[in-house]
1. Please tell me if A:Asn29 is in a loop (DSSP other than H, G, I, E, B) and either of a type in the set (Ser, Thr, Tyr) or away from chain B (no Cβ under 12 Å) (or both).
2. With the structure loaded, tell me whether A:Thr31 is in contact with a Lys or Arg (Cβ under 6 Å, 6 or more places away or on another chain), within 20 Å of A:Ile85 (Cα to Cα) and either surrounded by 18 or more Cβ atoms within 10 Å (Cβ to Cβ) or not hydrophobic (A, V, I, L, M, F, W, C) (or both) or whether it fails that test.
3. If I filter the stretch A:104-125 down to residues being in contact with an Asp or Glu (Cβ under 7 Å, 6 or more places away or on another chain) and away from chain B (no Cβ under 12 Å), which single residue comes out as surrounded by the fewest Cβ atoms within 10 Å (Cβ to Cβ)?
4. Among the residues of the stretch B:86-99, how many are surrounded by 21 or more Cβ atoms within 10 Å (Cβ to Cβ) and farther than 16 Å from B:Asn133 by Cα?
5. Quick check on this structure: which one of B:Tyr118, B:Tyr130, B:Tyr160 is within 23 Å of A:Asp72 (Cβ to Cβ), of a type in the set (Phe, Trp, Tyr) and buried (at least 18 other Cβ atoms within 10 Å of the Cβ)?
6. Between a residue in the stretch B:20-41 that is at pLDDT 95 or above and any residue that is assigned to a loop (DSSP other than H, G, I, E, B) and of a type outside the set (Ser, Thr, Tyr), which pairs come within a Cβ distance under 7 Å, given they are 6 or more apart or on different chains?
7. Among residues belonging to the stretch A:92-126 that are assigned to a loop (DSSP other than H, G, I, E, B) and in contact (Cβ under 8 Å) with a residue 40 or more places away in the chain, point out the one that is nearest to B:Ala132 (Cα to Cα).
8. I'm checking my understanding of the structure. Among residues of the stretch A:67-103 that are among the small types (Gly, Ala, Ser) and surrounded by 20 or more Cβ atoms within 10 Å (Cβ to Cβ), which one is farthest from the other protein chains (Cβ to nearest Cβ)?
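The values are calculated or read from the model by the stated rules, or taken from the named source; none is laboratory data. Computed from a prediction, not measured in an experiment: that's the story for all the values here. Here the Cβ is made from the backbone with ideal geometry for all residues, glycine too, and neighbour counts use every protein chain on show.
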Amino acid sequence: MLLPGVAVFSQSIQVVDFEQLQSRLELRNDTTYVVNFWATWCLPCIKEMPAFQQLHKEYASEKVKVLLVSLDFIKHIDSRLIPFIEKHQLSPEVIVLNDPDANAWIDKVSPDWSGALPATLIFNRNFRGFYEQEFNYISLKHIVDSNLVKL
Amino acid sequence: MKNKLMTLLFSFIFASLSMAQGYVAGDRAIDFRLKNIDGNYVSLANYPDAKGFIVIFTCNHCPYSVAYEDRIIDLDKKFKPLGYPVIAINPNDPELQPQDGFEKMKSRAAEKGFTFPYLIDEGQRVYPVYGANRTPHVFLLQAENGLNKVRYVGAIDDNYQDETAVKEKYVENAVNALIKGQKPEPGFTKAIGCTIKKKN
């Protein structure tokens with residue numbers, strides 16, 4: 001069952017500019033969005049990736065959506081990013097943000113962001129938190145649990 | 001008494017905040033004494049004739065740094081003769097990022113033909129004072145009565161990926177502004193970069 005999913009990844013990975021990503025960062029509803037900015041070349045990003053993977057799996061039945069925004073270079077999508085996704089069987093959605101004028105959009109993600117990776121945005125209709133730090137599963141789960149929208 | 005304490009407390013909080021955020025345009029930058037790849041120690045004070053410095057925290061391993069290597073060499077070639085040499089500093093702990101070890105710095109500099117000092121921030125004491133938080137991260141300094149004033153902090157230009165698609169050459173424009181006696185605008189930009197590797 002896993003194989004078809006992997007095959008879909010290989011065929012295409014969505015590449016967006018910041019404007020396209022921004023509409024997703026502005027969603028305010030009952031779902032808690034966990035958006036992680038990362039890259040395959042970023043060691044601390046790779047180290048914390050299992051936490052996002054686990055969150056995605058354990059909250060599959062909850063209103064939690066994990067989005068992995070890769071800042072890998074376009075020319076490295078086929079040679080590095082897709083092999084990484086396949087090797088680690090990353091299950092959350094992965095998109096590539098290709099918008100090299102980062103000075104124009106870093107503040108729109110959060111004025112608190114220096115631009116260093118990894119960085120994570122967690123938000124829903126009641127809450128918005130930005131974290132320029134490395135997570136482990138416990139610290140990530142703690143923030144998500146304390147801010148889930150109670151229906 | 002209470003007011004005085006509050007004032008003290010507030011100035012302490014502001015001091016810590018500004019330290020955490022690093023230098024901004026107008027601040028006075030510290031000098032340093034760091035080991036160059038040729039084995040000699042380099043300080044800003046070694047350049048009495050410099051009008052300023054393009055200090056760049058950069059490293060071997062980071063793809064963003066690698067993408068900018070040629071542009072850093074170009075900056076040095078262009079501005080060293082005008083009094084603004086590039087001083088590159090690797091801020092990473094080589095134990096955490098072996099590719100950024102001293103020997104690897106030497107070989108990378110030789111491969112690329114670096115025309116500028118490539119220093120190692122041994123003990124990682126310099127980059128936190130400047131407030132570098134990623135590589136590459138530029139601090140443009142202007143010499144002024146024996147002091148070095150920060151004039152620009154941020155990215156080299158607005159396109160790490162494609163040099164030919166650059167619209168704004170932040171550092172080049174900033175140095176040109178200084179040469180004309182003007183204040184660089186913008187004095188601050190942000191960029192995506194690799195975190196500086198430091199033990200917790």
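1. yes
2. No; evaluated as a whole, the condition is false for this residue.
3. Looking at the filtered set, the residue picked out is A:Arg125.
4. Total meeting the criteria: 2.
5. B:Tyr160
6. Qualifying pairs under 7 Å: B:Tyr23/B:Gly131; B:Ala25/B:Gly187; B:Leu34/B:Asp121; B:Asn36/B:Pro117; B:Tyr41/B:Arg33.
7. Among residues in the stretch A:92-126 that are assigned to a loop (DSSP other than H, G, I, E, B) and in contact (Cβ under 8 Å) with a residue 40 or more places away in the chain, the one nearest to B:Ala132 (Cα to Cα) is A:Pro118.
8. The extreme case among them is A:Ser70.
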